[in-house]
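The values are calculated or read from the model by the stated rules, or taken from the named source; none is laboratory data. Source: prediction; values computed, not measured. Cβ: placed from backbone, ideal geometry, glycine included. Neighbour counts: every protein chain shown. Surface areas here come from the heavy atoms of the whole protein model, side chains and all, with no ligands, DNA or RNA. Shrake-Rupley method; radii C 1.70, N 1.55, O 1.52, S 1.80 Å.
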Amino acid sequence: MAIIKAVSSRASIARAINYITRIEKTDSKLITGVDCRASSVIDEMEVTKLMWGKTGGRTYKHFIQSFHPDEQITPEEAHQIALEWVCKCENLNGFECIVATLSLIHISEPTRP
């Protein structure tokens, strides 16, 4: 079962999207726009912010989906699950979303106090 975590950041939309879509982290087939085009998502989100006067403070939400290593899920399966979650999440309905899934296996050990 996936764990979904919201990440708080004040980075610009461009910086956040450029970070999550880095070629070292993912493959273009694992980047999908929802209610926008992945290739122009930064411009589309910036226009939406201007149109609604939302240019200050937090202007986007960033979610991370993680799976336990024992689940042996492929990046393609994780991407499909993320897309389904975004489409079903009422709080995201009508907003431009970009789903970028890591194509690399990344395992991190939990930190201990």
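Condition first: under 29 Å from VAL47 (Cβ atoms), open to solvent by 70 Å² or more (accessible area, probe 1.4 Å) and part of a helix (DSSP H, G or I). Now tell me which residues in the range 58-106 satisfy that.
Within the range 58-106, GLN80, GLU84, TRP85, CYS87, LYS88, GLU90, ASN91 qualify.
Show the residue pairs that are 6+ apart or on different chains and have beta-carbon atoms under 7 Å apart, the first residue being within the range 16-40 and part of a strand (DSSP E or B), the second being at pLDDT 90 or above and of a type in the set (Gly, Ala, Ser).
ILE31/ALA38; ILE31/ALA100; THR32/ALA38
Looking for whichever is over 14 Å from the mean Cα position of the chain (by Cα) and of a type in the set (Gly, Ala, Ser) here; the options are SER28, SER9, SER40, SER66. Which one fits?
Only one candidate qualifies: SER40.
Give the residues of the range 5-49 that are within 21 Å of GLU90 (Cα to Cα) and loosely packed, with under 12 Cβ neighbours inside 10 Å, sorted by residue number.
LYS5, ALA6, VAL7, SER8 - these are the residues of the range 5-49 that are within 21 Å of GLU90 (Cα to Cα) and loosely packed, with under 12 Cβ neighbours inside 10 Å.
Would you confirm, using the coordinates I've provided, whether MET1 is not aromatic (Phe, Trp, Tyr) and not in a helix (DSSP H, G or I)? So that I can check it myself, show each step before the final result.
Numbers: not aromatic (Phe, Trp, Tyr): yes; not in a helix (DSSP H, G or I): yes.
Here the answer is yes, as MET1 does meet what is asked.
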